[in-house]
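A quick write-up on the structure given underneath.
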Amino acid sequence: MNLINALKSIGFTQQESIIYITLCKHGELSGYEAAKLSGISRSNAYAALSSLVDKGNAHIIEGTSAKYIAISKKELIMNASRDFNQNIKIIKDELEFNQVTNNPYITIVDSKNIINKIKNMILQCEFRLYFCADKKILDLFANEIEDAYNKNKKIVILSPEVPTFNHNKYYKSFNYESFKLIIDTEEVITGTLSQALYSRNRTLVRLIREAIMNEIKLIDINNEK
């Protein structure tokens with residue numbers, strides 16, 4: 001994520017982001033100067049400046065001709081954090097959610113969504129997890145797995161390479177084209193970082209778990225030879 005996209009994620013528009021960055025870089029500017037330095041048309045620059053002022057992300061310096069100045073980075077972060085925490089509290093207190101009871105098969109697409117889902121699953125692990133994946137996949141979740149290990153969760157890893165994070169049991173396996181993760185024998189996700197299948201369906205969880213157990217048995221047999 002670049003800076004403009006990061007600003008957009010906390011409520012800026014594309015043009016507000018560009019104008020705000022321009023103000024931060026050059027200090028106090030008139031609307032004409034902001035437009036010229038940013039490459040945005042004068043009308044759009046003035047509209048963005050007005051919106052930034054309305055949102056509290058910039059202020060007007062009064063004088064013979066109006067000039068604008070951005071609020072500091074520290075203040076921007078404080079405001080954004082405050083707004084975020086307030087919104088999270090409202091969602092937590094007021095959002096009603098009826099838990100799905102039929103445990104459907106859910107397709108998750110896009111690497112960001114899949115990574116977030118896996119991280120959330122690991123962070124909510126209560127007892128144990130089985131993770132079959134290549135090292136480059138496992139490394140994406142090193143912090144979350146390390147946290148689970150430090151909380152005395154059982155960590156079983158199947159991978160071609162030994163993981164760099166702490167774990168309870170490691171089995172050297174072949175290269176994986178897809179990953180498999182089981183949490184507490186209750187939920188499973190399998191697939192790639194482009195598309196994955198998630199479910200709490202007991203039959204699917206059991207089938208994936210049996211496949212992992214059979215793989216572990218084969219690894220043990222080969223190690224004994």
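The values are calculated or read from the model by the stated rules, or taken from the named source; none is laboratory data. Quick caveat: nothing in here was measured; it's all calculated off a predicted structure. Reconstructed Cβ throughout: ideal geometry from the backbone, glycine too, with neighbour counts over all protein chains shown.
Collect the residues in region 51-102 that are more than 21 Å from residue 16 (Cα to Cα) and touching a Lys or Arg at 6+ places or on another chain (Cβ under 9 Å), keeping them in residue-number order. Once the filter is applied, which keeps residues that are more than 21 Å from residue 16 (Cα to Cα) and touching a Lys or Arg at 6+ places or on another chain (Cβ under 9 Å), region 51-102 yields only 100.
Tell me yes or no: at least one residue of region 183-197 is among the small types (Gly, Ala, Ser), surrounded by 15 or more Cβ atoms within 10 Å (Cβ to Cβ) and touching a residue at least 40 places away in the same chain (Cβ under 8 Å). Full working, then the answer.
In the first step, residues of region 183-197 are kept if they are among the small types (Gly, Ala, Ser); the result is 191, 194, 196.
Then drop every residue that is not surrounded by 15 or more Cβ atoms within 10 Å (Cβ to Cβ), which leaves 191, 196.
Checking the rest, the ones that are also touching a residue at least 40 places away in the same chain (Cβ under 8 Å) come to 191, 196.
The answer is yes, given that some residue of region 183-197 is among the small types (Gly, Ala, Ser), surrounded by 15 or more Cβ atoms within 10 Å (Cβ to Cβ) and touching a residue at least 40 places away in the same chain (Cβ under 8 Å).
Candidates 165, 131: the one that is over 23 Å from residue 218 (Cβ atoms) and not in a helix (DSSP H, G or I) is 165.
What do you reckon, is residue 40 part of a loop (DSSP other than H, G, I, E, B) and either within 30 Å of residue 87 (Cβ to Cβ) or polar (S, T, N, Q) (or both)? So residue 40 fits the description; yes. Looking across region 155-165 at every residue that is exposed (fewer than 13 other Cβ atoms within 10 Å of the Cβ) and touching a strand residue (DSSP E or B) at 6+ places or on another chain (Cβ under 9 Å), the one that is farthest from residue 211 (Cα to Cα) is identified as 162.
Taking region 1-12 as the range and being outside any helix (DSSP H, G or I) and surrounded by 15 or more Cβ atoms within 10 Å (Cβ to Cβ) as the test, the residues that pass are 10, 12. Within region 116-144, if we keep just the residues that are of a type outside the set (A, V, I, L, M) and touching a helix residue (DSSP H, G or I) at 6+ places or on another chain (Cβ under 7 Å), the residue that is nearest to residue 175 (Cα to Cα) turns out to be 132. For residue 205, indicate whether it is in contact with a helix residue (DSSP H, G or I) (Cβ under 8 Å, 6 or more places away or on another chain), over 14 Å from residue 156 (Cα atoms), surrounded by 15 or more Cβ atoms within 10 Å (Cβ to Cβ) and of a type outside the set (Gly, Ala, Ser). Here the answer is no, as residue 205 does not meet what is asked. Restricting 176, 130 to those that are at pLDDT below 95 and either β-branched (Val, Ile, Thr) or surrounded by 15 or more Cβ atoms within 10 Å (Cβ to Cβ) (or both) reduces the list to 176. So which of 117, 25 is farther than 30 Å from residue 131 by Cα, out of contact with any His (no Cβ under 7 Å at 6 or more places or on another chain) and not in a loop (DSSP other than H, G, I, E, B)? Result: 25 is the single residue among 117, 25 that is farther than 30 Å from residue 131 by Cα, out of contact with any His (no Cβ under 7 Å at 6 or more places or on another chain) and not in a loop (DSSP other than H, G, I, E, B). Of the residues making up region 50-88, those that are within 32 Å of the chain's Cα centre (by Cα) and either among the acidic types (Asp, Glu) or exposed (fewer than 11 other Cβ atoms within 10 Å of the Cβ) (or both) are 54, 72, 73, 74, 75, 82, 83, 85, 86, 87, 88.
Per the conditions (1) outside any loop (DSSP other than H, G, I, E, B); (2) among the hydrophobic types (A, V, I, L, M, F, W, C); (3) surrounded by 17 or more Cβ atoms within 10 Å (Cβ to Cβ); (4) not assigned by TED's automatic domain parsing to the domain that holds residue 17, the sole criterion not satisfied by residue 47 is (4).
Looking at 133, 80 in this structure, which one is in the same structural domain as residue 183 (by TED's automatic domain parsing), touching a residue at least 12 places away in the same chain (Cβ under 8 Å) and either of a type outside the set (Asp, Glu) or closer than 30 Å to residue 32 by Cα (or both)?
133
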